[in-house]
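Okay, so here's the structure we're looking at.
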Amino acid sequence: MTDLAFEAADAEQKRPGDTSGIGLLIPISLLFALLMLAALRSPFLISASGFGSAMIVVAPLILATYALMATVIAGRGTVDLAIGPLIGFINVSLIQLTSLGMSQSPFVVFAFCLLAGVAYQVIMSLIIIFVRVQPIIVSLSGYLALTGINIVILPRPGGMAPQFMASWGFGTSIFSPILLIVVLATAGWLLFKRTAFYTHLRLMGSDERAAYTSGIPITKVRIGAHVISGIFAGLAAICFTALISSGDPTQGTNYTLSAVTALVLGGASLAGGRASVMGSLLGAVNIYLISYSLSTFNFGTLQSYVTQLSYGAILVASLLLTLALPHIQRRIHNFSPPLFFVALSVLGLGVALHAVFDYGDLPEAATAADAMLFAPLAFGEAASATGGLLTYWLAVAFIAITIPVLLRMLVSGAGRSNLHVAVYVILAAMILLLTFALSNAGSGVLSFMEVN
Amino acid sequence: MSMQDANAVRMSLILRLIGLVLSAGIATATVVLGVQQGMALQLVILTGLATLAVAAWVWRFLALQFIPRENLSLNEDVPLAEELRSGWKNHRYAIIGLGILATLFAILSVTVNGFFNIYTIISAAILLAILVLTFKFSRYMAQYRSSFIGLMVLAGLFSVGSMTVEGFASGGNVKSMLVFAAFLGLACVGQTLVALLGGLDLSVPFVIGSANVGLAYLLSLGVPSYLAFAIILIAGGLVGLLNGVLSFKLQGQALIVTLGVGFAIAGITQIATILGSQYAGSLFGAVPEWLSNMAAMNGTTLGMKFPAVILIWIIVSIIVILALRYSVYGRYLYALGVNRTSASRVDISERRYWYGVHVISGAFAAFTGALLLGWSGGGFIGIGDPYLFMTIAAVVVGGTSLLGGVGGYGFTVIGVLVLQVLTSFLVGIGLSFEWQQFIFGLLILPMVALYARSPHIRTQI
């Protein structure tokens, strides 16, 4: 085959105008930067219970971001400011109904939460469509009304979550029902992306007039977007209830700001038509990691203000970076997000291992195979200062060699639809290493905590 | 039929006489009421004159709306059934709406104890009359429809409030309503200008809080009070400039950019001001005499018993309204808001105006925050929080479109007054804060829906 044919094949595989890949550059970079910082500052994160509790905390935010995403794609600047109060509303009404004797079976609870979310969103969509008030005003009025009624329903935090949720909020293991909800929601969204409805939704979001003239039933599509948003809001409320395992009328309101920030961090356009599920997922995780990393520093009374400051600064910075994307795109012609992810994962894993690895125990704890695997790392005598330094430099050298190789693969393999075999090998190795690190670090951290 | 044409028409003698008698009657009633309440004489005279002028102007304005219209052609003889049917077809929404209101009233009378008394009936009648009047007349107004409806809602709320709430129309309550309206109105100046360009400045509450704390901090350091005030104003303007510069290229997401800047500014201010002190979030110190006199409820202005902030708000409103209407800058702002491309064709710099409105917004937010220090006496970062939604609500309820190019500060003034009277009314009938918020949220929608509906998509193609 000639070079020309190769190029033609490449062009065929890479859809023209597909810029979703480059949009993930910033979220992925930020994710790993934050992950490394968090791992170095507080190795507890890299353990089974650390992951578990992080998952519990971040799940409502992820789902709230998905809920926001559905309506943002629909265009007209539909940033649903009421998403936070809505989560709070479902939470407090669920708690009050449970205390009034509503059935506590999971089926009833799920049905109630999803129906409440969908009902609210459908009413909003009907107002937007038929009363024709700007969506931002509708959501503003929803925000005020729901914030008020939440406190009326449940004046102060309290109450009990349904029985079956009791164990969800512990966050001691990675595989919890919460993780299942998040995975199913993400998978559901990815499947939804393959439907014609999603295409209609995107077209309506980017140009409503064009959508209308080309015969798309925009009324139905808009209502559909709100229904999906309502479903995710209901799921977010369930995760939120599991997290606090009680009712709280004011806490939910904070999710509005975090979810909008997460969405923007993930590269979505609030003008409509453009948002990616991976970006939103990463954005939500990034938001969590920012507050987690900051909480590891001790600012005393300044803590909340430093958090506020960095929140704002990161929000503005990530928005400004979206301006730089076209320029970056001109430089990098081929960019493959999965490969970039893998490349940074190696770096992140190295740092994480360094953070949680108990160097002192190594000769006894390691089996022969592990010793071989970690031979460069354990080269020097663990206790001596020079040995530690040597280990450090060897790790740096290892990373310095691995990263360029992966980057090279990243550029050369970007246009292809399937990845290099090397990537699968590296991914498998990484998962193995992570499991190993987690099983080790979990016990290590636990014993450390017992000592304290 | 535009304003300019209407001005050219002379009113007939009889109409002018009626107007004169009407306004004189209203002014006399005002003066009598003022004397009865024992207010200061110069205030009574001033109010009387102002009422006379306003009533005469309103009469002229309303009367002119009707003069040039030819009488509608009379219907020919039609059968009764046909007439009924067409009547139903033309007025079905009004009839259905009235039916719903009547049912609501009946339900409330039956369920709520003590609801059914003479005052409620009278206030319901007033509300109904205002509603009918509003719908009847608002169709004749093209340009000032939203302000007309706003004024009617204001009048209705005020009369219902004074009917049902003890002491609602008393001098003290009106003064306190005006003071709060002045704070909100000053904070809304920038928001209105930004909205005219199609943006939204969500940093307003944070700048208010930061200015509040920052001024208290500067005063506690011993900086001369006038200098400190000036520094805060300039700092507010600089924050606004930062907003403008950062969001210029990201106008679709200006909402989020300004929110992020606001967050950062609030964080920085607090870190800077409480470094080394253990009272996080609030600052206490001596507030200069002139500042508290300017903003506190018991302040005096030129010997009269109201704080200067009300006067400042009135002056600022007049300047902004006139500037938007008659100055080149004002007209260019509208031109940009309506259509960027055509504005740039006639050499209007979008960048300069975008920066400009944000600087004004920041400066006025800082001004409000500094005045609020005089009102409260202690710095508190959270003092601006209610202004996040209140400024947007006032702009929107007034009738300025968030898409840009339509509206003005005069509309916002009406919006501010409506919101303030509504709040005062809800407080007066004894609702707790969360119920107030709930009703507030529900009421914003119909108020906006009265005149700020966007056209159907099929008309935009």
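The values are calculated or read from the model by the stated rules, or taken from the named source; none is laboratory data. Predicted model, so just to flag it, every value in this text is computed and none were measured. All Cβ positions, even for glycine, are placed from backbone atoms using ideal geometry, and neighbour counts span all protein chains on display. Ligands, DNA and RNA are stripped out before the accessible areas are found, and what is left, the full protein with its side chains, is counted by its heavy atoms. Shrake-Rupley method; radii C 1.70, N 1.55, O 1.52, S 1.80 Å.
Directionally averaged projected area (segment B:337-439, Cα convex hull): 8.3 nm².
Summarising the amide proton neighbourhood of B:F380: residues at separation of 5 or more, or on other chains, whose placed amide H is nearer than 5 Å comprise B:V213, B:L283. In vacuum, with every alpha carbon of segment A:63-143 counted as one equal point scatterer, what does the Debye formula give for log10 I(q)/I(0) at q = 0.18, 0.23, 0.25 Å⁻¹? Two decimals, please. Results for segment A:63-143 at q = 0.18, 0.23, 0.25 Å⁻¹ read -0.77, -1.07, -1.19. Stokes-Einstein diffusion coefficient for segment A:45-203 at 25 °C in a medium of 0.890 mPa s, Rh from the Kirkwood formula over Cα pairs: what value in µm²/s? Taking Rh from Cα pairs, D becomes 141 µm²/s. In chain B the longest region clear of GluC sites (Glu not before Pro) that are loop-assigned by DSSP and have at most 13 other C-beta atoms within 10 Å covers B:167-461. Largest first, the residues A:D207, A:D248, B:D347, B:D385 sort by 1.4 Å accessible area into B:D347, B:D385, A:D207, A:D248.
Per the Debye formula on identical point scatterers at the alpha carbon atoms of chain B, with no solvent, log10 I(q)/I(0) at q = 0.12, 0.13, 0.14 Å⁻¹ is -1.21, -1.37, -1.50.
Using heavy atoms of the protein chains and a probe of 1.4 Å, the accessible area assigned to A:I401 is about 120 Å². The HN-Hα couplings worked out from phi for segment A:203-211 by the Karplus form 6.51 cos²θ - 1.76 cosθ + 1.60 (θ = phi - 60°) are 5, 4, x, 7, 7, 5, 5, 4, 4 Hz, whole numbers, x standing for Gly and Pro. Each Cα pair under 8 Å and six or more residues apart adds its separation to the average, and for chain B the resulting relative contact order is 22 percent.
For segment B:316-403, the list of trypsin sites (Lys or Arg not before Pro) that fall in a loop by DSSP and count at most 16 other C-beta atoms within 10 angstrom is empty. Against the longest alpha carbon principal axis of chain B, how many degrees, from 0 to 90 and to the nearest 10, is the axis of helix B:171-196 turned? The helix B:171-196 is inclined about 80 degrees to chain B.
For segment A:114-257, the Cα-based Rg and Dmax, in that order, read 17.8, 54 Å. On a 0 to 90° scale, report how tilted helix B:328-338 is relative to the longest principal axis of chain B, with both axes built from alpha carbons and the result rounded to the nearest 10. Approximately 70 degrees, to the nearest ten. Structural descriptor for segment B:193-277: relative contact order 48 percent, calculated from alpha carbon pairs under 8 angstrom and at least 6 residues apart.
Figure note: B:L417, A:L339, B:L98 ranked by solvent-accessible area, largest first, 1.4 Å probe, ligands and nucleic acids not counted: B:L98, B:L417, A:L339. Taking only DSSP H segments of four or more residues, each worth -39500 (n - 2.57), what value at 222 nm results for chain B once the sum is divided by all its residues, to the nearest 500 deg cm²/dmol? About -25000 deg cm²/dmol. Ligands, DNA and RNA excluded, the heavy atoms of A:F164 present near 50 Å² of accessible surface to a 1.4 Å solvent probe.
Sorting B:H456, A:H226 by solvent-accessible area of protein heavy atoms yields B:H456, A:H226, largest first, with a 1.4 Å probe. Within segment B:126-248, the ratio Rg/Rh, alpha carbon atoms throughout and Rh by Kirkwood, equals 1.12. In the context of the full protein assembly, A:S99 retains an accessible surface of approximately 90 Å², using a probe radius of 1.4 Å and ignoring ligands and nucleic acids.
Computed from Cα positions, the angle between helix B:145-164 and the longest principal axis of chain B comes to roughly 90 degrees.
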